[in-house]
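Engineer: Encoded as structure tokens, here's the structure I'll be asking about.
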Amino acid sequence: MARRFAGERLVIATHNRGKLAEIEALLHPFGVEVVGAGALGLAEPEETGATFEANAALKAEAAAQATGLPALADDSGLVVPALDGAPGIHSARWAGPERDFARAMALVETRLAGRAGRSACFVAVLALAWPDRHVETFRGEVEGRLVFPPRGTRGFGYDPIFVPAGGSESFGEMAPAAKHAISHRADAFRKLVAACFARAGGA
């Protein structure tokens, strides 16, 4: 059985404002005070894992050890079968040190030139770590297809080139609430909540 979260304060181990805002919105119903790693001055650990699960756990454990508080980390990325799964766990690195995702999306388009297939999926793994090094991980996915040129200015990362299966709008065009209802992060979050959280004022 997964460990339940019983604290009142949770560190969100990310310096990505978009991810922080999404996770904070998802946690709002549970009465948890969240604080981002950037606000605490935490350094970003090097992501040396070979999987989304390993990197999420690495980031969550580093934040929990540094603060003495439970920490939640996300590792996510775009997986493109026609590119043998790239950019995958290297999705952020494709954007370079400036986190230029316009550049990253252009690189995906360039690499796909002449290749068949535009299917893709977004993967997110959430890791919840405690200071005693206990970690729970939860994986979420959403299938879809890639579109070029990028569409929409909402969301972040690769959202403007990803259209979820059965949809017509990219994640970059969708209203935040609509995206949150079906996203890879929301899928992982539902599993995390079912295992580790209780709603404020209830079980």
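Engineer: Among (1) under 23 Å from residue 179 (Cβ atoms); (2) surrounded by fewer than 19 Cβ atoms within 10 Å (Cβ to Cβ); (3) modelled with pLDDT of 85 or more, where does residue 35 come up short?
Structural biologist: It fails just one condition, (1).
Engineer: Here is a follow-up. Counting only residues that are without any contact (Cβ under 8 Å) to a residue 60 or more places away in the chain and farther than 19 Å from residue 88 by Cβ, which one in the stretch 132-147 is surrounded by the fewest Cβ atoms within 10 Å (Cβ to Cβ)?
Structural biologist: Once the filter is applied, the top-ranked residue is 132.
Engineer: Turning to a different aspect of this structure: Would you confirm whether any residue within the stretch 8-23 is surrounded by 13 or more Cβ atoms within 10 Å (Cβ to Cβ), at pLDDT below 85, within 21 Å of residue 153 (Cα to Cα) and of a type in the set (Asp, Glu)?
Structural biologist: Among the residues of the stretch 8-23, at least one is surrounded by 13 or more Cβ atoms within 10 Å (Cβ to Cβ), at pLDDT below 85, within 21 Å of residue 153 (Cα to Cα) and of a type in the set (Asp, Glu), which makes the answer yes.
Engineer: Considering only strands (runs of 3 or more DSSP E) fully contained in the stretch 1-101, which possess at least 1 residues that are under 18 Å from residue 125 (Cβ atoms) and either touching a residue at least 12 places away in the same chain (Cβ under 8 Å) or among the charged types (D, E, K, R) (or both)?
Structural biologist: Filter on the stretch 1-101 gives 9-12, 71-79.
Engineer: Looking only at the stretch 155-202, how many residues end up being buried (at least 16 other Cβ atoms within 10 Å of the Cβ), assigned to a loop (DSSP other than H, G, I, E, B) and at pLDDT below 90?
Structural biologist: 3
Engineer: Here's another thing I want to ask about it. Please go through the stretch 60-78 and give me each residue that is polar (S, T, N, Q) and either touching an Asp or Glu at 6+ places or on another chain (Cβ under 7 Å) or closer than 30 Å to residue 118 by Cβ (or both), ordered by number.
Structural biologist: Answer for the stretch 60-78, where residues must be polar (S, T, N, Q) and either touching an Asp or Glu at 6+ places or on another chain (Cβ under 7 Å) or closer than 30 Å to residue 118 by Cβ (or both): just 76.
Engineer: Go through the stretch 102-129 and count every residue that is out of contact with any helix residue (DSSP H, G or I) (no Cβ under 9 Å at 6 or more places or on another chain) and either crowded, with 18+ Cβ neighbours inside 10 Å or part of a strand (DSSP E or B) (or both). Break it down into steps so the answer makes sense when it comes.
Structural biologist: Step one: filter the stretch 102-129 for residues out of contact with any helix residue (DSSP H, G or I) (no Cβ under 9 Å at 6 or more places or on another chain), giving 106, 110, 113-114.
Next, from what is left, pick out any that are either crowded, with 18+ Cβ neighbours inside 10 Å or part of a strand (DSSP E or B) (or both): none.
Total satisfying the criteria: 0.
Engineer: Among the candidates 85, 68, 96, which residue alone is at positive phi and either in contact with a strand residue (DSSP E or B) (Cβ under 6 Å, 6 or more places away or on another chain) or crowded, with 20+ Cβ neighbours inside 10 Å (or both)?
Structural biologist: Of 85, 68, 96, the one residue that is at positive phi and either in contact with a strand residue (DSSP E or B) (Cβ under 6 Å, 6 or more places away or on another chain) or crowded, with 20+ Cβ neighbours inside 10 Å (or both) is 85.
The values are calculated or read from the model by the stated rules, or taken from the named source; none is laboratory data. Please read these numbers as outputs of a predicted model, since none were measured by experiment. FYI the Cβ positions are ideal-geometry reconstructions off the backbone, even for glycines, and counts take in every protein chain you see.
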